[in-house]
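Colleague: Pasting a structure below so you can have a look.
Bear in mind that the values in this text are calculations on the coordinates, not laboratory data. Since the model is a prediction, treat every value here as computed from it, not as a measurement. Quick reminder, even Gly has a Cβ in these numbers, built from the backbone with ideal geometry, and neighbours come from all protein chains shown.
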Amino acid sequence: MSEDWKKVDSVAKFLGEHLGRAPEVVMVLGSGLRDVASGLTDEQSLQFDEIPYWPRSTVSGHTGELRRGKLGDKDVLLQLGRVHLYEGYSEEEVVRPIRSIVQWGAKKVLMTNAAGGINEYLKPGGLMFIDDHLNLTGRNPLIGPNDDSRGERFPDMTDTYSRRLRALLVEEASRLGIEFKLGVYAGLLGPSYETPAEVKMLRTMGADAVGMSTVLEVIAARHMGAEIAGISCISNMAASYGGPRLTHDDVQVAAGRATRELARLILSVVSKL
Ligand code: HPA
């Protein structure tokens, strides 16, 4: 077994020892999207720095903790914060948290992120349900010898973002009167935001929103057979000629607006996942 899978297994074991049986559902909440956690009851938590081999976030706004508890009547794990390639972490480190959680036993994964809108149908503060992605990081967490007991060498990526979960999100958002769009998320390395020319290129390639996370974690979770949904909170329109300059603070504030809608949606949909 590779050194990295050994680390994944020790994290999974640690989670079991400290948090008990794995909940079915894990939600990864990105930058500025913490409001969802305020609905949690019967809570137990672990700080990232208490967990062996868990990479710690270096970005402001990315708190690092796991919270396990109930959202409504559903047992869930919330991962608040994640690490990114641009922080200098390797692919293995970026996906170790999600691999460990899936290995522990959570097989339904809801990924969230803050993203820049590319398609004009998106607005800052809005939500986009991800129906597919473009991995433009130039990296892949599955490079290297494959451990066939974890997943296939060449995993199919056709229905990576589960139709079933997306249909539930669409149905529940419509019922609650929450606006949303469907679209393709492009995951880039960062940390610089895109140039206007890059945004044009992304648009031509079929991207509707752009960010610096999610795609590697999704590939790793898919490889292990998890059922995955993804939601982007549109924090800004991606750079265009003549548009305002982007700052991390503005992105955090707008992500905060989207997160209130996201929290409402998640609280209501979670029991059906
Ligand atoms: N580009 C890339 N990542 C992002 C953006 C953006 O405009 N907004 C939030 N994350």
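Colleague: Determine, for each peptide in 185-196, 158-169, the mean count of other beta carbons within 10 angstrom over its residues, then list the peptides with the highest first.
Modeller: 185-196, 158-169
Colleague: I need the phi-derived Karplus couplings for region 107-113: 6.51 cos²θ - 1.76 cosθ + 1.60, θ = phi - 60°, integer Hz, Gly and Pro marked x.
Modeller: Per-residue couplings from phi come out as 10, 10, 10, 10, 9, 10, 7 Hz.
Colleague: Expressed as a fraction of 2.2 N^0.38 Å, the rule-of-thumb size for a compact globular protein of N residues, what is the C-alpha radius of gyration of region 3-272?
Modeller: Working: Rg = 17.3 Å, N = 270, 2.2 N^0.38 = 18.5 Å.
That works out to 0.94 for region 3-272.
Colleague: Another one. Based on the inverse mean of 1/r over its pairs of different Cα atoms, what is the Kirkwood hydrodynamic radius of region 163-202, in Å?
Modeller: Evaluated over region 163-202, this radius sits at 12.8 Å.
Colleague: Here's another thing I want to ask about it. With +1 on the Cβ of every Lys and Arg and -1 on the Cβ of every Asp and Glu, and nothing else charged, how large is the dipole of region 3-272 about its Cα centre, in debye rounded to the nearest 20?
Modeller: In debye, rounded to 20, region 3-272 gives about 440.
Colleague: Roughly how many Å is it from the Cα centre of region 42-116 to that of region 190-260, as a whole number?
Modeller: Centre-to-centre distance over Cα atoms comes out at 18 Å.
Colleague: Report, for region 3-272, the % of DSSP beta bridges that are antiparallel, rounded to 5. Working shown, then result.
Modeller: Numbers: 17 of 47 bridges.
So the antiparallel bridges in region 3-272 amount to around 35 percent.
Colleague: Could you name the aspartates and glutamates whose alpha carbon sits less than 14 Å from that of Lys200, not counting residues in the same chain fewer than 8 places away?
Modeller: Leaving aside aspartates and glutamates fewer than 8 places away in the same chain, those within reach of Lys200 are Glu120, Asp208.
Colleague: Under the Karplus relation 6.51 cos²θ - 1.76 cosθ + 1.60, θ = phi - 60°, what is the ordered set of whole-Hz ³J(HN,Hα) values for region 222-230, x standing for Gly and Pro?
Modeller: Per-residue couplings from phi come out as 5, 3, 8, x, 6, 9, 10, 10, x Hz.
Colleague: Where in region 85-100 does the amide nitrogen come within less than 19 Å of the point 7 Å from the Cα of Glu50, taken along Cα to Cβ?
Modeller: In region 85-100, the label zone of Glu50 (backbone N under 19 Å from the point 7 Å along Cα→Cβ) covers 97-98, 100.
Colleague: So which of Lys123/Lys181; Lys74/Lys181; Lys74/Lys107; Lys74/Lys123; Lys70/Lys181 end up more than 20 Å apart by C-alpha?
Modeller: Lys74/Lys181; Lys74/Lys123; Lys70/Lys181
Colleague: OK, next. Calculate, in nm to one decimal, what Ile178 and Thr204 gain on full extension: separation in residues at 0.36 nm each, minus their alpha carbon distance.
Modeller: Net length gain for the segment: 6.5 nm.
Colleague: Is it possible to state the helix-based mean residue ellipticity at 222 nm for the chain, with each DSSP H run of 4+ residues giving -39500 (n - 2.57), the sum divided by total residues, to the nearest 500 deg cm²/dmol? What is it?
Modeller: The per-residue figure over the chain is -10000 deg cm²/dmol.
Colleague: Would you calculate the separation in nanometres between label points at Asp250 and Lys13, each defined as 7 Å from the Cα along the Cα-to-beta-carbon direction?
Modeller: Modelled inter-label distance: 4.9 nm.
Colleague: Which whole-number percent is the relative contact order of the chain (Cα, under 8 Å, 6+ apart)? Numbers along the way, then the final one.
Modeller: Values: 565 pairs, mean separation 72.5, N = 273.
27 percent.
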